[in-house]
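Novice: Have a look at this one before I ask anything.
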Amino acid sequence: MLITLSHINKIFTTGEVTVHALDDLNVEIKQGEFVAIIGQSGSGKTTLLDIVGCLSQPTSGDYWLNGAHINKLPDSELTTIRNRQIGFIFQTFHLLPRKTALENVQLPLMYAGATSRQQRDRAVEVLTMVGLQDRMNHHSNQLSGGQQQRVAIARALANRPALLLADEPTGNLDSQSGNEILIIFEELHRQGQTIVMITHDPPIAQRANRRITLLDGRVVTDEFTEPRAQPVLQKI
Amino acid sequence: MLGAIFRDSLKNLSSNLLRSGLTMLGVIIGVASVIAMMAIVEGGQVWLVNSIERLGTNLLFVWKKRLTVEEKRMFAGRNLQLRYDDALAIRERFPDLKVAPIIDIDGQVKAGERDYSGSITATSPEFSDIRNFHTATGRFLQATDINTWNRSVVLGKTIAEVLYGSQSAIGQQLKVGEHRFHVIGVMEPKGEVYGQDYDEMVFIPVTTALRFFKGSDKIRSMIIHVPDRDKMEEVTHKLHQFLIQRHDGVDDIRVRNQGDFLGAIDRTIWTFRIVLGGIAIVALLVGGIGIMNIMLVTVTERTREIGLRKAIGAKRQDILLQFLIESTTISVIGGCFGVVLGIFAAYGFGNLVAQSMPGGGDWGAVIQPTAIAIAFMFAVAVGIGFGLFPAIKASRLDPAEALRYQ
């Protein structure tokens, strides 16, 4: 099991108001799965992403990622796990605007302690993988939304993470660019990359091979299907 | 990685030049004022020390202490004055020393229609060597003048010009008070030294003064030249003891050497150094507050960036270092500009003093490398010190919250 979430609770208290964002949630995800987590806003999917992404700790329950008992680890080790085990992809890309595509992709490699030579070589490799070999020295604000998200994917892949964690990756993109991103995900999935994608959009969730639906912090459905081939996919 | 962080911080600073420039201005002004203040104080010290050393070197000054009414009553009947005999006794007891007794007489010098009123200095031939002050024409006082109470007079350059214009003064007859004197020499120009215009001095033999102008053998003071500089303290002490003994055991005289004066100046200069340096350092601290302020704004503006960096693997110390390097970069660059501005300001002040202050012509700023080093290092310390709080704040941001900060 790559991911084991066992009896996870997350409770937020703001003044008098207490929100039970995750309520005794249990999920297991195997190596190589492409999982879509679906839910309306307020269903707890962002909270789940933060916990799975080691950005925050659950109030109670146990979380294992790739054999590490995450909720027992101190902050400094979580940083290392985020760096090595998890590749983040965000709805708003989160690229650093004054840096080139190449420099953005080098960032996680730098924090992993790679030499500048190693950083550059690996960054070129992953940017080529997402089809941006011609745009490497463009600043991120000179790139289209779809290109920016592809840079973000390259950055997420730089340290060969066990888990690719995407938060509404197509939310800020037109349907064609969004589709290109999903095609990359499908290709990565085919190569054995584990992907967890959060979305509120059912057609996009259809592209995954497993869909977990959340409601009020609980899993309401968990279905496995072989993704049906998209017409666009066949074209490419 | 440090190189990359440093390049990032330069990029960030240059992306908002106006803001970075204004922040640096605080540091620039602070560093510049530290350097300028120190240079001016240092220049002042050099000026004062030079002024004192121009009076002659290796000198001892002896004068009478002011006694209280009580002391006067207590020591009544004892030998309490500083007298010409004391000078002669010192010469006999310490043959190595050059002793010049000094008496000041207020009087009038009159040559025909022209006259001069002021202080007349009665002294001995040694004065010329001790003060390193020689005649331009004619001769200074000699032993024969002293031994025979000669009524000869030596004029300062200005006095000679006032009395005789372009005519030669040597051999001329003139009246000092009611007594007829003849001019034997005119001094070289020397100018003002420590508040006294040497060109306006008039010299007569000390014995002549005692005989014709004073009813007693009291003298005002003595200037003594000590040949061996290393023995100043020892001679000062011995001389003092010798005079106390001559004065029936009463310590009614002061013996001071130049080291004492220089020491006093040193203490004064240190006071200035601390006060002015303190003001300048306050300016630098205000600059530091500017850095802290702007770094706090920067941290808030870049909350999402910090969240992203933490999400992809930046450790706390990575973020801390990033912002610390940025604030230090501001202070280092500001410090460099400040050094340049400070040097200009110091020399500018030096010129200003030279033009506006009488006798301040040679008070220039003295910039010492240590002053520059201190100012610069203090600026860097300010950058680190005031950057620390914003950097710690940045490093402690919660990544999940920071990523979604609007």
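Novice: Taking segment B:1-47 on its own, how many of its residues are among the basic types (Lys, Arg) and under 42 Å from the mean Cα position of the chain (by Cα)?
Specialist: So the count comes out to 1.
Novice: When you look at B:Arg304, is it within 14 Å of chain A (Cβ to nearest Cβ) and either surrounded by 22 or more Cβ atoms within 10 Å (Cβ to Cβ) or outside any helix (DSSP H, G or I) (or both), yes or no?
Specialist: Answer is no for this residue.
Novice: Restricting the search to segment A:79-109, which residues are modelled with pLDDT of 95 or more, aliphatic (A, V, I, L, M) and either over 21 Å from A:Pro169 (Cα atoms) or surrounded by fewer than 22 Cβ atoms within 10 Å (Cβ to Cβ) (or both)?
Specialist: A:Ile81, A:Leu102, A:Leu109
Novice: Also, quick follow-up: With the condition kept exactly as written, say whether any residue in segment B:348-357 is touching a helix residue (DSSP H, G or I) at 6+ places or on another chain (Cβ under 6 Å) and crowded, with 20+ Cβ neighbours inside 10 Å.
Specialist: Checking segment B:348-357: not a single residue is touching a helix residue (DSSP H, G or I) at 6+ places or on another chain (Cβ under 6 Å) and crowded, with 20+ Cβ neighbours inside 10 Å.
Novice: I've got another one for you. Hey, does segment B:217-238 have a residue that's assigned to a strand (DSSP E or B), in the same structural domain as B:Val176 (by TED's automatic domain parsing) and closer than 23 Å to B:Met74 by Cα?
Specialist: Yes, segment B:217-238 contains at least one residue that is assigned to a strand (DSSP E or B), in the same structural domain as B:Val176 (by TED's automatic domain parsing) and closer than 23 Å to B:Met74 by Cα.
Novice: Follow-up question, since we're still on this one. For segment A:117-210, give me every one of the helices (runs of 4 or more DSSP H) that falls completely inside it and has 2 or more residues that are in contact with an Asp or Glu (Cβ under 8 Å, 6 or more places away or on another chain), closer than 21 Å to A:Glu223 by Cα and at pLDDT 95 or above.
Specialist: none
Novice: For segment A:193-224, name all the residues that are within 15 Å of the chain's Cα centre (by Cα) and surrounded by fewer than 18 Cβ atoms within 10 Å (Cβ to Cβ).
Specialist: Residue satisfying the conditions is A:His200 alone.
Novice: Right, another one. Could you please let me know if B:Thr121 is among the polar types (S, T, N, Q), surrounded by 12 or more Cβ atoms within 10 Å (Cβ to Cβ) and out of contact with any Leu (no Cβ under 7 Å at 6 or more places or on another chain)?
Specialist: Answer is yes for this residue.
Novice: A further question follows. Could you please find all residues in segment B:103-117 being in a loop (DSSP other than H, G, I, E, B) and of a type in the set (Asp, Glu)?
Specialist: B:Glu113
Novice: Just the residues that are crowded, with 23+ Cβ neighbours inside 10 Å, out of contact with any Gly (no Cβ under 8 Å at 6 or more places or on another chain) and within 14 Å of chain A (Cβ to nearest Cβ), please, taken from segment B:320-347.
Specialist: Across segment B:320-347, the qualifying residue is only B:Gln322.
Novice: Quick check on segment B:361-386: of everything there that is surrounded by fewer than 20 Cβ atoms within 10 Å (Cβ to Cβ) and either outside any helix (DSSP H, G or I) or among the acidic types (Asp, Glu) (or both), which residue is nearest to the other protein chains (Cβ to nearest Cβ)?
Specialist: B:Gln368
Novice: Taking into account only those residues within segment B:387-396 that are surrounded by 22 or more Cβ atoms within 10 Å (Cβ to Cβ) and hydrophobic (A, V, I, L, M, F, W, C), which is farthest from the other protein chains (Cβ to nearest Cβ)?
Specialist: Only one residue tops the list, namely B:Ala391.
Novice: Here's another thing I want to ask about it. Output the residues belonging to segment B:76-102 that are within 31 Å of the chain's Cα centre (by Cα) and either among the aromatic types (Phe, Trp, Tyr) or part of a strand (DSSP E or B) (or both).
Specialist: Once the filter is applied, which keeps residues that are within 31 Å of the chain's Cα centre (by Cα) and either among the aromatic types (Phe, Trp, Tyr) or part of a strand (DSSP E or B) (or both), segment B:76-102 yields B:Lys98, B:Val99, B:Ala100, B:Pro101, B:Ile102.
Novice: Can you tell me how many residues in segment B:221-233 are over 30 Å from B:Ile105 (Cα atoms) and either crowded, with 20+ Cβ neighbours inside 10 Å or modelled with pLDDT of 90 or more (or both)?
Specialist: Of the residues in that region, 0 qualify.
Novice: Take the conditions modelled with pLDDT under 90 and within 32 Å of the chain's Cα centre (by Cα) and apply them to B:Gly156. Does it pass?
Specialist: no
Novice: Then there's this: Quick check: is even one residue across segment A:168-183 in contact with a helix residue (DSSP H, G or I) (Cβ under 7 Å, 6 or more places away or on another chain) and within 12 Å of chain B (Cβ to nearest Cβ)?
Specialist: The answer is no; no qualifying residue exists.
Novice: Say whether the condition of being buried (at least 17 other Cβ atoms within 10 Å of the Cβ), in contact with a Leu (Cβ under 7 Å, 6 or more places away or on another chain) and within 14 Å of chain A (Cβ to nearest Cβ) is met by at least one residue in segment B:311-318.
Specialist: Checked segment B:311-318: at least one residue is buried (at least 17 other Cβ atoms within 10 Å of the Cβ), in contact with a Leu (Cβ under 7 Å, 6 or more places away or on another chain) and within 14 Å of chain A (Cβ to nearest Cβ).
Novice: Something else about it: Those residues that are modelled with pLDDT of 85 or more and either β-branched (Val, Ile, Thr) or not assigned by TED's automatic domain parsing to the domain that holds B:Ile372 (or both), I need them from segment B:41-58; list them, please.
Specialist: Across segment B:41-58, the qualifying residue is only B:Val41.
Novice: What is the one condition in (1) in a strand (DSSP E or B); (2) more than 25 Å from A:Ser43 (Cα to Cα) that A:Val220 does not satisfy?
Specialist: Answer for A:Val220: the failing condition is (2).
Novice: While we're here: Considering segment A:89-103 alone, what residues qualify as being more than 17 Å from A:Met136 (Cα to Cα) and out of contact with any strand residue (DSSP E or B) (no Cβ under 7 Å at 6 or more places or on another chain)?
Specialist: A:Thr92
Novice: If you scan segment A:142-180, which residues turn out to be in contact with a Pro (Cβ under 6 Å, 6 or more places away or on another chain) and surrounded by fewer than 23 Cβ atoms within 10 Å (Cβ to Cβ)?
Specialist: Selection gives A:Asn159 alone.
Novice: Within segment B:188-200, is there a residue that is within 12 Å of B:Leu141 (Cβ to Cβ) and in contact (Cβ under 8 Å) with a residue 12 or more places away in the chain?
Specialist: no
Residue-by-condition table, conditions (1) outside the structural domain of B:Ile130 (by TED's automatic domain parsing); (2) surrounded by 19 or more Cβ atoms within 10 Å (Cβ to Cβ):
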residue: B:Leu22; (1), (2): yes, no
residue: B:Val27; (1), (2): yes, yes
residue: B:Gly30; (1), (2): yes, yes
residue: B:Ser33; (1), (2): yes, yes
residue: B:Arg73; (1), (2): no, no
residue: B:Ala76; (1), (2): no, no
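Residue-by-condition table, conditions (1) more than 15 Å from the chain's Cα centre (by Cα); (2) of a type in the set (Asp, Glu):
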site	(1), (2)
A:Asp134	yes, yes
A:Gln142	yes, no
A:Ile153	no, no
A:Asp167	no, yes
A:Leu182	no, no
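The values are calculated or read from the model by the stated rules, or taken from the named source; none is laboratory data. Please read these numbers as outputs of a predicted model, since none were measured by experiment. When we count neighbours, we look across all protein chains shown, and the Cβ atoms used for this are built from the backbone with ideal geometry, even at glycine.
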